[in-house]
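K.L.:
Let me begin by handing over the structure; questions about it come next.
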Amino acid sequence: MWSSVQEYHRPKSIQSALRLIGRVQPHTVLLAGGTWLVAMHDPSIQAVVDLRDLDLVFIKNNSQRLRLGAMTTIQTLVEHPLVQKVGGGLLAKASQHSAQLSTRNVATLGGTLAVGDSTSEVLLALLALDAQVVIHSPIWRETALDALLSDHPAHLSPQVLIKEVYIPTLPAESGGALAEVRPTPRDHPIVNAAALVVRKGRVCRIARIALGGIAPHPIRLREIEAMFFYQPFDTNLLSDAAEAVSDTMNYPDDSRASAAYRRAMVAIMVTRALQEAWEMAIKE
Amino acid sequence: MSRPYNDPDQMLKMSEHPEGLSPDEMRVVGKRVPRLDAMKLALGKPAYTDDFMPPSVLHGKILHSPHAHALIKRIDTSKARALPGVHAVLTWQDIKPVRFTTAGQSHPLPSPLDTLILDSKVRFVGDRVAAVAADTPEIAEQALALIKVEYEVLPVIVEIEDALKLDAPVIHDEQDCSGFEGVFLPQKNIAAHFVAEAGSMASGYAEADCIFEGEYRVPQVQHVALEPHVCITWLDEDNRLVIRSSTQVPFHVRRILAPVLGLPDKRIRVIKPRIGGGFGGKQEILLEDICATLTLVTGKAVRMEYTRAEEFSAARSRHPQILRFKTGVRRDGTISAMTLSLLATTGAYGSHALTVQGNTGSKALALYRCPNLRFEMDVVYTNRPPAGAMRGYGVPQGLFALEVHMDEIATELGLDPIEFRRRNWVQIGDVFALAEALGEGRKGFPNPLRSTGLAECVERGAQMIGWERRRDPEWRNVPSKPYLRRGLGMAVLIHGSGIPGIDMGGAYLKMNDDGSFNLMFGATDLGTGADTVLAQIASEVLGCAVEDIIVYAADTDLTPFDKGAYASSTTFVSGGAVKKAAEKVAAMIKNVAGRMLETPPDKLQLEDGCVFTPDREGVTLREVALESLHLVDQHQIQAAESHMSLMYAPPFAAQFAEVEVDTQTGEVRVKRLVFGIDCGQPINPDGVEGQIDGGMSMSLGYGLSEEMLFTADGHLLNGNLRDYHVFRADEMPRIERFIVQGRDPSGPFGAKAAAEIPTDGVAPALVNAIYDAIGVRLRLIPATPERVWRAIQKESR
Amino acid sequence: MEICLSINREERLLEIQPGETLFEVLRHLGYLGVKHGCEDGSCGVCAVLLDGQVIHSCISLAVQAEGHAITTIEGIGTYDHPHPLQTAFVAAGAVQCGYCTPAMILAAKALLDKNPHPGEAEVREALSSVLCRCTGYLKPVEAVLRVAQGGD
């Protein structure tokens, strides 16, 4: 029993939700799916605000963007036909790799974002898809996903309300791929990368690369992406990029893996993800 | 007329089938009989310890130590006691200190008596500091938080080698701990020291044309039974203490706890309901002692259940070991001498320290023919969660090292790995040179090998996995993934069927009015299917349906003694008792039926729930029951028998593995596993296959993904199921297994064990397959991506 | 607080506390086929169906189930009328200690109700919600495939 929780609210409007979490006392947080929050049993939390009645479950697209409501479950991202088309299936596939089915049935897009797990495949895919997030913190605003994650080294406060995530529509000649290092096929990734490329002929128009397992949250490698802007996509470019990636960052050293191993793996994962994304873009 | 239960001739005839039937002709033995309790469990019926609650029960919780090594200087429980809803708060000051071992084993206990219910010193992060009983689990947790403890922190030993350093702190410096003389050396942090030798090592190595040495390391891993440790205790209306517990050793629990609780055995009753997995982790007295003490203090029923976090940090685990082999080999590829030196840690308490490591020696050195053998072991205390019994019991450790070592030798000699082993593995008639010295804490019983199907296991397994593909360079490459390499590896395996001369089980069988039978035995089904196997044995002898055998087991008041579920003894030993009891009952039935049918009893046959004359005249078992219970010369048709075996009847197996190694990342993917077993006559092939499937998965985790990781000050880093990875359904390799038909004269219907041998092989087979794939030899597990990657980097320099 | 939900097709009005998990409430009500194996949704033996989808009851607040339909193992079969999955698990030898069996059967049911003829990969994905230390998943997968191929 999560004994500290004395109040449960299920507001019907976003204003009510905001008012509830804006209170100083009791300590109130937002409840999405709960797969992370309920497992924590944080004894400082006294009230929860369930977001399920706020019409935040939706997947809509127009010519410019695909909009995903924050309470959309991860399993919906696996199955929904519109999501399966995005980035050559990158987001749907990443969602399927991210957790077991029973967790995916309940975990939400917004909750996944708020937790910001360093190797979250969903977040990697969204970063590679240049996702933008609509949040209320402290007022309504839109922000790029990587900026939001890097602004919050710990978890996003469970008092920040995420409304939706949207992905700009991609042109046809694009492809996306995920590459991971995992001790077993279903163990947590040690290091992973997602890549998206948009091509024009043999030239790479845009590349986006996201990396997990290196920082507190997944990160986007914008400096490396710049190397690909309107460049012919070949092995030289790839190895230059891999070298640049290796040099750029600090690599954590812990009981799962050493810094040296992570450094070596990042180069390989980025190369493989880009290679596979390119091959998919060619097939399109 | 009585005969000794351990009469060798009797035991050697255990394999006889009733009426001289062949395996194919038997009705239920050897058949895929559905488990008696499977539907009950598939329907979700209440069956486990926590499913039956006395009317009012208190909840017990333990305060665990945050320090790996410390003295409790002061402990203030006043606030905790004052909390409404709290019925008891106990510390070391409240309990008369009686040192015991948590290891559930036979008398005399071979594990050191080094544990108190509550002690004034803590020796690992997770060790007990205090215990609380309260109205709800939440109140109990709150009470724990109100207990104020002042510790004097002591230096910590985590690494095995550090325990033996001259300046190492003594972990068990108490005056009242005890163990076997010459074996138990606590002042040196040694929980068990043992040396055994046979033949002459000097001449053995002198005969050798090459000598090979290797050092191998295996990690501390967890059972991860899905049901945590759980126990409910209460005082019944006769003021007897009743313990209902998820335990593999109900009789040992009663005997071991009696002096600790200050109660005579006769005032204690232990009941084992259905268990949700144990794998050796429940061959321990882990909660029963403290739960019972809380009941005795409060006078009320108390329930205690571990959380998963407690399962990781405060339960038991597999002994990690450093193994050194030194093997002398003659030019013809035969082994002339072998030494195994073992250094292990048992963690903070010595449960199973002598016997697990002793078993490593007694199996690893018994697989290959060699008259000159030396075994040396030291098991040290460290400030880690204690190790204890875990499925395989020292053999997964030993066979990992041995089978990688054998593969290395084969490579050096330029021999096929299978061929080198074939030249050396044991044959019928061989006697294990160290059998007498390594008898699990007592003198052992050397006797010749009477059955082996190892050659067939290896031959069929090699064919199934496509062993010849190793010679095909094309096969090693994976199209479109130039960084992947394929490889094949194998291991041959040996284990035991019970502990000769020590393990004993009893069975009691009685006939009911309708011709059904109640079968009572102490044997402990923990999901192994023992209840069904034992019912099958009785059913085969009695000629009745398996459903006509009503099983009740593992209740110290109502069932005969059984040492419990460990050492792969249930089919071989407990099954022997059931067979004997059934044979006696069959004889009594024939006596009654003979009078009814006016035919000499020895001419009668039990078949299809009836008794038939040679002319096929018959009476039903029901008619016999009514006759004997109610009509003439009334008596209860019943029998009570025991069985203990001095015989050596090891099962054998062959494990094959196919892997794909990513040469850039070091990731290893096991694609296929093939396992062949010789377990003599399988009593229930579904049961044997089930044991193989689960055991192999455990061995797969051992080889690839599982390891308890600690900080320098003894904290467990990955004590949860997210960070400690157990294989899931959607990442398993393709598995094929087969059972070789065999028969050992010392087992019931020719059966040998099958329960533990499947945990021995995947780890060495996959490490050998990695070598085959990329020419890199790991000598430790798990084969994590980084370890493989580092080995590749090193090799390529 | 009071919540209204259905458990095994029976409408229930329950008095619960906001911090109570669905797992605790179900066991208190006597649905003992729901089991305790961990506290963070990683082992799966607490699995139940919510509107036909498998979820972990130990990391769901009971109040989150309000207005939904919960199915436990007790609701899908009896001794006289076992569910085909229960029959198949027994016949295939897929029940060893049995502790994960109700969760596996529910996970399989959720799959078959949505997709009556799945392939092996889909069956394995469905069963991946539940950890098993006894069976290596082999016989459970066989049992589910038997039902799937039997046209149920």
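K.L.:
Between a first residue in segment B:348-373 that is among the basic types (Lys, Arg) and a second residue that is surrounded by 24 or more Cβ atoms within 10 Å (Cβ to Cβ), which pairs have beta carbons less than 6 Å apart while being 6 or more apart in sequence or on different chains?
P.N.:
As it stands, the answer is B:LYS363/B:VAL395; B:LYS363/B:GLY398; B:LYS363/B:ILE494, since those pairs meet every condition given.
K.L.:
Which one of B:LEU700, B:LEU704 is within 13 Å of chain C (Cβ to nearest Cβ), touching a strand residue (DSSP E or B) at 6+ places or on another chain (Cβ under 7 Å), within 18 Å of A:PRO185 (Cβ to Cβ) and touching a residue at least 24 places away in the same chain (Cβ under 8 Å)?
P.N.:
One residue alone meets the criteria, B:LEU700.
K.L.:
Residues of segment C:108-131 being in a loop (DSSP other than H, G, I, E, B) and either facing chain B (nearest Cβ under 7 Å) or modelled with pLDDT under 95 (or both), which ones?
P.N.:
C:SER128, C:LEU131
K.L.:
Mind checking whether some residue in segment A:271-284 is among the hydroxyl-bearing types (Ser, Thr, Tyr) and at pLDDT 95 or above?
P.N.:
Yes.
K.L.:
In segment B:346-359, is there at least one residue being assigned to a strand (DSSP E or B) and crowded, with 24+ Cβ neighbours inside 10 Å?
P.N.:
Yes, the conditions are met somewhere in segment B:346-359.
K.L.:
If A:PRO153 meets every condition in (1) crowded, with 16+ Cβ neighbours inside 10 Å; (2) in contact (Cβ under 8 Å) with a residue 12 or more places away in the chain; (3) closer than 27 Å to B:ASP723 by Cα apart from one, which number is that one?
P.N.:
(1)
K.L.:
Take segment C:94-114 and flag every residue that is closer than 18 Å to C:ALA148 by Cβ and in contact with a Gly (Cβ under 7 Å, 6 or more places away or on another chain).
P.N.:
C:ALA110, C:ASP113
K.L.:
Please verify whether B:LYS40 is of a type in the set (Lys, Arg) and either assigned to a helix (DSSP H, G or I) or at positive phi (or both), treating the condition exactly as stated.
P.N.:
For B:LYS40, the condition - of a type in the set (Lys, Arg) and either assigned to a helix (DSSP H, G or I) or at positive phi (or both) - is met.
K.L.:
Do any strands (runs of 3 or more DSSP E) lying entirely in segment A:47-144 carry at least 1 residues that are within 14 Å of another protein chain (Cβ to nearest Cβ), and which ones are they?
P.N.:
A:47-50
K.L.:
Here's a follow-up. Filter segment C:1-19 down to residues that are more than 11 Å from chain B (Cβ to nearest Cβ) and under 23 Å from B:SER56 (Cα atoms) and give me whichever is surrounded by the fewest Cβ atoms within 10 Å (Cβ to Cβ).
P.N.:
Out of the qualifying residues, it is C:GLU15.
K.L.:
Can you tell me which residues in segment B:722-740 are over 18 Å from C:GLU125 (Cα atoms) and within 14 Å of chain C (Cβ to nearest Cβ)?
P.N.:
B:ASP723, B:TYR724, B:GLU736, B:ARG737, B:PHE738, B:ILE739 - these are the residues of segment B:722-740 that are over 18 Å from C:GLU125 (Cα atoms) and within 14 Å of chain C (Cβ to nearest Cβ).
K.L.:
Of the residues B:ALA131, B:ALA145, which is at pLDDT 95 or above and crowded, with 23+ Cβ neighbours inside 10 Å?
P.N.:
After ruling out the rest, the residue left standing is B:ALA131.
K.L.:
Please tell me if C:VAL63 is buried (at least 18 other Cβ atoms within 10 Å of the Cβ), touching a residue at least 40 places away in the same chain (Cβ under 8 Å) and more than 21 Å from C:ALA107 (Cβ to Cβ).
P.N.:
Yes, satisfied.
K.L.:
Looking at this structure, is B:ARG743 within 11 Å of chain C (Cβ to nearest Cβ) and not polar (S, T, N, Q)?
P.N.:
For B:ARG743, the condition - within 11 Å of chain C (Cβ to nearest Cβ) and not polar (S, T, N, Q) - is not met.
K.L.:
Also: Mind checking whether some residue in segment C:84-91 is at the interface with chain B (Cβ under 9 Å from one of its Cβ atoms) and closer than 23 Å to C:GLU10 by Cβ?
P.N.:
yes
K.L.:
With modelled with pLDDT of 95 or more, over 16 Å from the mean Cα position of the chain (by Cα), assigned by TED's automatic domain parsing to the domain that holds C:THR135 and on the phi > 0 side of the Ramachandran plot as the only criterion, which of C:GLY98, C:GLY67, C:GLY93 stands out?
P.N.:
Answer to the selection: C:GLY93.
K.L.:
Here is a follow-up. On the given criteria, is B:ALA401 part of a loop (DSSP other than H, G, I, E, B) and either surrounded by 18 or more Cβ atoms within 10 Å (Cβ to Cβ) or more than 26 Å from the chain's Cα centre (by Cα) (or both)?
P.N.:
no
K.L.:
Another one. Quick check on A:SER4: is it within 14 Å of chain C (Cβ to nearest Cβ), assigned to a loop (DSSP other than H, G, I, E, B) and surrounded by fewer than 17 Cβ atoms within 10 Å (Cβ to Cβ)?
P.N.:
yes
K.L.:
Can you tell me which residue among C:THR71, C:THR21 is closer than 17 Å to A:VAL38 by Cβ and hydroxyl-bearing (Ser, Thr, Tyr)?
P.N.:
Being closer than 17 Å to A:VAL38 by Cβ and hydroxyl-bearing (Ser, Thr, Tyr) holds for just one of C:THR71, C:THR21, which is C:THR21.
K.L.:
Restricting to segment C:37-54, count the residues that are in contact with a strand residue (DSSP E or B) (Cβ under 7 Å, 6 or more places away or on another chain), crowded, with 20+ Cβ neighbours inside 10 Å and part of a loop (DSSP other than H, G, I, E, B).
P.N.:
Final tally of qualifying residues: 3.
K.L.:
If you don't mind, another one. Those residues that are modelled with pLDDT under 95, surrounded by 14 or more Cβ atoms within 10 Å (Cβ to Cβ) and within 11 Å of chain B (Cβ to nearest Cβ), I need them from segment A:231-266; list them, please.
P.N.:
A:ARG256 - this is the single residue of segment A:231-266 that is modelled with pLDDT under 95, surrounded by 14 or more Cβ atoms within 10 Å (Cβ to Cβ) and within 11 Å of chain B (Cβ to nearest Cβ).
K.L.:
Scanning segment B:96-112 for residues that are surrounded by fewer than 19 Cβ atoms within 10 Å (Cβ to Cβ) and touching a Gly at 6+ places or on another chain (Cβ under 9 Å), which turns out farthest from B:HIS252 (Cα to Cα)?
P.N.:
B:LYS96
K.L.:
Looking at (1) more than 31 Å from the chain's Cα centre (by Cα); (2) within 28 Å of B:SER313 (Cα to Cα); (3) modelled with pLDDT under 95, can you tell me which one B:MET53 breaks?
P.N.:
(1)
K.L.:
Take A:ILE45 and tell me if it is more than 20 Å from A:ILE139 (Cβ to Cβ) and among the β-branched types (Val, Ile, Thr).
P.N.:
yes
K.L.:
Checking A:PRO185 against (1) part of a loop (DSSP other than H, G, I, E, B); (2) touching a residue at least 24 places away in the same chain (Cβ under 8 Å), which single condition isn't satisfied?
P.N.:
(2)
K.L.:
From B:ALA507, B:ALA530, grab the single residue that is under 23 Å from B:ILE275 (Cα atoms), touching an Asp or Glu at 6+ places or on another chain (Cβ under 7 Å) and among the hydrophobic types (A, V, I, L, M, F, W, C).
P.N.:
Going through B:ALA507, B:ALA530 in turn, just one is under 23 Å from B:ILE275 (Cα atoms), touching an Asp or Glu at 6+ places or on another chain (Cβ under 7 Å) and among the hydrophobic types (A, V, I, L, M, F, W, C): B:ALA507.
K.L.:
What single numbered condition from (1) polar (S, T, N, Q); (2) assigned to a helix (DSSP H, G or I); (3) buried (at least 19 other Cβ atoms within 10 Å of the Cβ) fails to hold for B:THR411?
P.N.:
(3)
K.L.:
Of all residues in segment A:188-228 being assigned to a strand (DSSP E or B) and closer than 20 Å to A:SER258 by Cβ, which is farthest from the other protein chains (Cβ to nearest Cβ)?
P.N.:
A:ILE219
K.L.:
While we're on this one: How about segment B:189-293: which strands (runs of 3 or more DSSP E) wholly inside it have at least 1 residues that are small (Gly, Ala, Ser) and modelled with pLDDT of 95 or more?
P.N.:
The strands (runs of 3 or more DSSP E) meeting that bar are B:190-198, B:210-218, B:241-245.
K.L.:
Taking into account only those residues within segment B:404-418 that are within 31 Å of the chain's Cα centre (by Cα) and of a type outside the set (A, V, I, L, M, F, W, C), which is nearest to B:GLN463 (Cα to Cα)?
P.N.:
B:PRO417
The values are calculated or read from the model by the stated rules, or taken from the named source; none is laboratory data. These figures come from a predicted structure and were not determined experimentally. Please note: Cβ atoms are built from the backbone with ideal geometry, for glycine as well, and neighbour counts cover all protein chains shown.
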